[in-house]
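The values are calculated or read from the model by the stated rules, or taken from the named source; none is laboratory data. Keep in mind that what you see is a predicted model, and the values were worked out from it rather than measured. Neighbour counts are summed over all protein chains in view; Cβ atoms, including those assigned to glycine, are modelled from backbone coordinates with ideal geometry.
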Amino acid sequence: MLTEDVIKKVLAAAAGGGATAELFVEDRRSTALRLEDSRVEDVASGVDIGAGVRVISGDRASYAYTNVLTLEALLDTAGAARAGLGRGGEQAGMDLRRAGPPVKHPVRLPPGEVGADDKATVLRVADDAARATGAEVRQVVASYSDVRQKILVASSEGTIAEDDRTRVRFAVQVVAARDGEIATGFEAPGHSGGYELLERFPAAEVGSKAAAKAVRMLDARPSPAGQFPVVLAPGSGGVLIHEACGHGLEADTLVKHASVYADRQGERFGSASVTIVDDGADIGAWGSVGVDDEGTPAQRTVLFDQGVLVGHLSDLRSARQIGHPPTGNGRRQSYAYLPIVRMTNTYLLPGPDDPESILESVERGVYAATFAGGEVNPATGNFVFGMAEAYMIEDGAITHPIKGATLIGNGPEVLGAIDAVASDFDRKEGVCGKDGQAAPVTNGMSTVLLARMTVGGTEA
């Protein structure tokens, strides 16, 4: 992406006065299509190329970026970043050594080799399948997106790493209506890989599932309120672990003592069935990378081992502050942003229990199939999550859908409330927002029984 000579000159210009410097270079090429009202309304493609220079001195950092990759523009950017810390002078010559080979995520069908007409066709197929579900389907919005992102990260400490990432996602949202009631359904598979995603998740299947969900929820009754056993659905229930536990174990929160998990390493929070990992090296997963956005190789980090808190997530800066090696969780939205600590693919690993037996054990409770928006306070662990799709469990079976349900609780207490973990592991893809930056993430878990949780509802 840049010659080694240019890289060395830029780093030397930025790293003077005892500070260290980092150069991040990005080449991003993307395509997006959107269908609404049975018409392909938007077809867009773009190229975004640029670089950012970060200068670090102690606990302070300065950042500057440019979308021009000439040597002159890069040197100006390096000077601006260095000036932000008031440092002078240039670093002596350096040797750059390559980091270990990044984790490779195979791309069998490069999206760039698939025509826009073919991509538009899958949107129409999903639209037709969704509308064939029934007359209640009033609106279908389908979207397809792919991105190929090449990055280079080099440091004045002598390291250099590159990564080549391809991601594809296909999403369908359906609105259904009947007798004044309105409900929505959403499906959005994605992966780190190529256009072969549409072979694993055929467009007609994705459209039909989203529509069926919307139509089912038209029959929803107001949710009861109170203390209930709660069963979390495989895959989508993982967002609870992501929000209630994962964010509190990001080291930038821990070093500020702004997390309920600060200084609690080695403490037991759950049963032996509770093992939680963050795995940026999971082959083909939506949140995976080869190296993170600071050049650290992707890895699997165990956060809770059989219920005991054993790990955390860090970038280079927070790793130095916390006194442990970085875990490969330094991520940024683009070259225009500083890297921050982020989750990748966060999983509650499968357990020994049978999913049907878990349901049969519940006399009266709530089945949380899909979560909507919510709020979490990492300092206390307290959270409130809405449920976009939920059902009552009565006499060991899922019965009618409910609406207006919320789940209210506390992260550490949720871990302690996990009574059973099944073996039917699944993943769901999403986008996580933090500090104004968005990043692709995967949430994963099996069917899980929470012994008792507070459910907010609207039932009279």
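Condition check for Ile160 on (1) in a loop (DSSP other than H, G, I, E, B); (2) touching a Gly at 6+ places or on another chain (Cβ under 9 Å): one failure, at (1). A single entry from Glu356, Glu375 fulfils the requirement of being free of Cβ contacts under 8 Å to residues at least 40 places away in the same chain and either crowded, with 24+ Cβ neighbours inside 10 Å or in contact with a strand residue (DSSP E or B) (Cβ under 6 Å, 6 or more places away or on another chain) (or both): Glu375. Within the range 430-454, the set of residues being closer than 16 Å to Glu250 by Cβ and outside any strand (DSSP E or B) comprises Asp435, Gly436. Ala73 meets the conditions (1) among the aliphatic types (A, V, I, L, M); (2) touching a helix residue (DSSP H, G or I) at 6+ places or on another chain (Cβ under 8 Å); (3) in a helix (DSSP H, G or I) in every case but one. The failed one is (2). The set of residues in the range 324-371 being touching a Pro at 6+ places or on another chain (Cβ under 6 Å), of a type outside the set (A, V, I, L, M, F, W, C) and within 19 Å of Thr454 (Cα to Cα) consists of Gly365 alone. Ile402: buried (at least 21 other Cβ atoms within 10 Å of the Cβ) and under 30 Å from Leu218 (Cα atoms), yes or no? Spelling it out, Ile402 is indeed buried (at least 21 other Cβ atoms within 10 Å of the Cβ) and under 30 Å from Leu218 (Cα atoms). The set of residues in the range 311-349 being polar (S, T, N, Q) and either surrounded by fewer than 24 Cβ atoms within 10 Å (Cβ to Cβ) or more than 24 Å from Tyr65 (Cβ to Cβ) (or both) consists of Gln321, Thr327, Gln333, Ser334, Asn345, Thr346. As a summary of the residue check, Leu218 satisfies the conditions (1) closer than 26 Å to Gly430 by Cα; (2) out of contact with any Cys (no Cβ under 9 Å at 6 or more places or on another chain); (3) in a loop (DSSP other than H, G, I, E, B); (4) not β-branched (Val, Ile, Thr) except for the one numbered (3). Among residues that are hydrophobic (A, V, I, L, M, F, W, C), assigned to a helix (DSSP H, G or I) and surrounded by fewer than 17 Cβ atoms within 10 Å (Cβ to Cβ), Ala126 is not included. When you go through (1) at pLDDT below 85; (2) more than 27 Å from the chain's Cα centre (by Cα); (3) not aliphatic (A, V, I, L, M) one by one for Pro102, which number turns out not to apply? Here Pro102 clears every test but (2). Look at (1) in contact with a Leu (Cβ under 9 Å, 6 or more places away or on another chain); (2) part of a loop (DSSP other than H, G, I, E, B); (3) among the aliphatic types (A, V, I, L, M) and you find that Ala258 fails only one, number (1). Against the criterion of being among the polar types (S, T, N, Q), in the same structural domain as Val421 (by TED's automatic domain parsing) and surrounded by 24 or more Cβ atoms within 10 Å (Cβ to Cβ), Thr370 does not qualify. Residues in the range 224-244 that are assigned to a helix (DSSP H, G or I) and out of contact with any Ser or Thr (no Cβ under 8 Å at 6 or more places or on another chain) were compared, and the one that is surrounded by the most Cβ atoms within 10 Å (Cβ to Cβ) is Leu240. Taking the range 14-35 as the range and being touching a Ser or Thr at 6+ places or on another chain (Cβ under 9 Å) and crowded, with 20+ Cβ neighbours inside 10 Å as the test, the residues that pass are Ala14, Ala15, Ala19, Ala21, Glu22, Leu23, Glu26, Leu33, Leu35.
Taking the criterion of being surrounded by fewer than 16 Cβ atoms within 10 Å (Cβ to Cβ) and not aliphatic (A, V, I, L, M), the residues of the range 378-399 that qualify are Thr380, Glu394, Asp395, Gly396, Thr399. For the range 413-444, name all the residues that are surrounded by 21 or more Cβ atoms within 10 Å (Cβ to Cβ) and hydroxyl-bearing (Ser, Thr, Tyr). Thr442 - this is the single residue of the range 413-444 that is surrounded by 21 or more Cβ atoms within 10 Å (Cβ to Cβ) and hydroxyl-bearing (Ser, Thr, Tyr).
When Pro401 is tested against the conditions (1) assigned to a strand (DSSP E or B); (2) under 20 Å from Gly456 (Cα atoms); (3) without any contact (Cβ under 8 Å) to a residue 40 or more places away in the chain, the lone failure is (3).
Quick one: count up the residues across the range 7-36 that are part of a strand (DSSP E or B), farther than 11 Å from Ala78 by Cα and modelled with pLDDT under 95.
Taking the range 7-36 and keeping what is part of a strand (DSSP E or B), we get 20-36.
Keeping just the survivors that are farther than 11 Å from Ala78 by Cα gives 20, 24-36.
Keeping just the survivors that are modelled with pLDDT under 95 gives 20.
Qualifying residue count, the range 7-36: 1.
The C-beta contact set for the range 25-46 (first residue closer than 24 Å to Asp292 by Cα, second residue among the polar types (S, T, N, Q), distance under 6 angstrom, 6+ apart or interchain) comprises Arg28/Gln149; Thr31/Ser45; Gly46/Ser30. Here Pro189 passes the criteria (1) more than 29 Å from Ser357 (Cβ to Cβ); (2) touching a strand residue (DSSP E or B) at 6+ places or on another chain (Cβ under 7 Å); (3) at pLDDT 95 or above except the one numbered (1).
Among all residues of the range 280-292, there is at least one that is within 24 Å of Asp146 (Cα to Cα), of a type in the set (D, E, K, R) and part of a loop (DSSP other than H, G, I, E, B). For Val274, the test of being in contact with a Ser or Thr (Cβ under 9 Å, 6 or more places away or on another chain) and either surrounded by fewer than 21 Cβ atoms within 10 Å (Cβ to Cβ) or in a loop (DSSP other than H, G, I, E, B) (or both) is failed.
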